[in-house]
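**Q** Mind looking over this structure? Questions follow.
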Amino acid sequence: MAAYSYDDMRHVLGKLGFQLVRARKHETWEKVLENKAVLQVRLSHHGKRDIPKGTFHEMLRQAGVDEKTFKTKLAE
């Protein structure tokens, strides 16, 4: 697995339609689905630092995407 930064995650969340709703100790990104379900992803403010592998996969789970989709959106 390639290492991804917190900035990469922010870029992809924006491409997926998530919006930043809170930015204090951590950022909270939200997306409301058509069925009114709300997806939330929490990020640290570390910017260019690499996301640890386990944390990265948890963020993907929270966002409801797989790594392939993440890579595709990152390349856009």
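Bear in mind these aren't lab numbers, they're just calculated from the coordinates by the rules spelled out. Remember, it's a predicted structure, so these values are computed and weren't measured experimentally.
**Q** Find the relative contact order for the chain and round it to a whole percent, using C-alpha pairs within less than 8 Å whose residues are 6+ positions apart.
**A** In percent, rounded to a whole number, it is 33.
**Q** Past 20 Å, Cα to Cα: identify those pairs from LYS36/LYS68; LYS36/LYS71; LYS15/LYS68; LYS25/LYS73, in the order given.
**A** LYS36/LYS68; LYS36/LYS71; LYS25/LYS73
**Q** Another question, then. Taking only DSSP H segments of four or more residues, each worth -39500 (n - 2.57), what value at 222 nm results for the chain once the sum is divided by all its residues, to the nearest 500 deg cm²/dmol?
**A** The per-residue figure over the chain is -11500 deg cm²/dmol.
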